[in-house]
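Inspection log for the structure reproduced underneath, given as structure tokens.
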Amino acid sequence: MSYEIFGDGGDDGMDGYITDERAKELVISAAQVMREMLARFVEVESPTMAQSIRANWIPTWSADPGKWEGPIPADIWEL
């Protein structure tokens, strides 16, 4: 059943699903944001520790995306 008023796109049964590639992008972005949140939390007391946190990345996920620029998103789905 399609609830067109909600813009669900039809009866294909795939509403709300995301592709594997998009899921991977979201996981990597979430990890990057979390790393930056931790770095910002400790940066006031220990800039060296913040730099160390930012330097750590799991290279099998992707190339290190670097420091998160700008405000931390309230919802990862906004990315």
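The values are calculated or read from the model by the stated rules, or taken from the named source; none is laboratory data. All values reported here derive from a predicted model rather than from experimental measurement. Backbone-built Cβ (ideal geometry, glycine too); neighbour counts: all protein chains shown.
Just to verify a result, which residue in region 25-63, among those that are among the hydrophobic types (A, V, I, L, M, F, W, C) and in contact (Cβ under 8 Å) with a residue 40 or more places away in the chain, is farthest from residue 73 (Cα to Cα)?
That would be 26.
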Residue 69 vs. criteria of a type in the set (Asp, Glu) and surrounded by 10 or more Cβ atoms within 10 Å (Cβ to Cβ): no
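Does any residue of region 5-27 turn out to be in a loop (DSSP other than H, G, I, E, B), at pLDDT 85 or above, surrounded by fewer than 10 Cβ atoms within 10 Å (Cβ to Cβ) and in contact with a Phe, Trp or Tyr (Cβ under 9 Å, 6 or more places away or on another chain)? So that I can check it myself, show each step before the final result.
Taking region 5-27 as the starting set, the residues that turn out to be in a loop (DSSP other than H, G, I, E, B) are 7-19.
Next, only the ones that are at pLDDT 85 or above stay: 19.
Now narrow it down to the ones that are surrounded by fewer than 10 Cβ atoms within 10 Å (Cβ to Cβ): 19.
From what's left, in contact with a Phe, Trp or Tyr (Cβ under 9 Å, 6 or more places away or on another chain): none.
Within region 5-27, not a single residue is in a loop (DSSP other than H, G, I, E, B), at pLDDT 85 or above, surrounded by fewer than 10 Cβ atoms within 10 Å (Cβ to Cβ) and in contact with a Phe, Trp or Tyr (Cβ under 9 Å, 6 or more places away or on another chain).
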